[in-house]
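The values are calculated or read from the model by the stated rules, or taken from the named source; none is laboratory data. The model shown is predicted, which means the values in this text are computed figures rather than measured ones. Cβ coordinates were reconstructed from backbone atoms using ideal geometry, including for glycine residues, and neighbour counts include every protein chain displayed.
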Amino acid sequence: MPGEFVAHAFPTRWPLANWQTPLADVSHFWSLGRNFRRGGATDPVDAVAAVLVLAGIIAVVVIIHRTGGWISDRTANSNGQLFNELCKLHALQTPSRRLLKKMATALGVDPPARLFLEPEHFDEPNLPPDLAGERPRVAALRDRLFQNRDQVDHRAAP
């Protein structure tokens with residue numbers, strides 16, 4: 001037969017790699033399990049190994065699921081993350097971020113992100129004595145953060 005010549009002209013290791021008739025040797029697939037033992041695994045070592053592998057897979061899935069949940073909860077409700085995002089939004093560099101954290105600690109503002117909402121903390125009479133040397137930087141930071149507060153549209157969204 002001409003088809004047999006082509007099939008044997010390009011021998012392959014894999015039955016499905018025969019480009020001419022990929023499903024011609026179906027009997028090969030039916031006989032794949034002929035050397036398996038009937039009645040399942042009788043060796044207890046095989047059974048223990050299978051249980052350990054299954055338990056390991058389940059443990060990994062549970063750990064990944066729980067860790068993933070904790071990570072998303074931490075980032076969704078994190079005061080530190082909110083502070084960092086507000087600093088990024090206002091394009092504050094590291095010295096300004098440190099000053100804001102120092103102010104929050106000295107004034108007892110918790111969480112520090114409240115400083116972005118409450119400009120009265122930046123007024124000179126409200127600054128504690130340990131920030132006396134930082135008054136010019138605090139004033140510049142106040143001007144930078146709250147310069148457009150009068151121009152903000154406070155109307156409710158429709």
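Descriptive notes on the structure:
- Scanning segment 76-120 for residues that are assigned to a helix (DSSP H, G or I) and under 13 Å from residue 131 (Cβ atoms) turns up 98, 99, 100, 101, 102, 103, 104, 105, 106, 107, 115.
- Take the conditions (1) surrounded by 10 or more Cβ atoms within 10 Å (Cβ to Cβ); (2) modelled with pLDDT of 90 or more; residue 110 misses just one of them, which is (2).
- Flag for residue 61 being modelled with pLDDT of 90 or more and surrounded by 10 or more Cβ atoms within 10 Å (Cβ to Cβ): no
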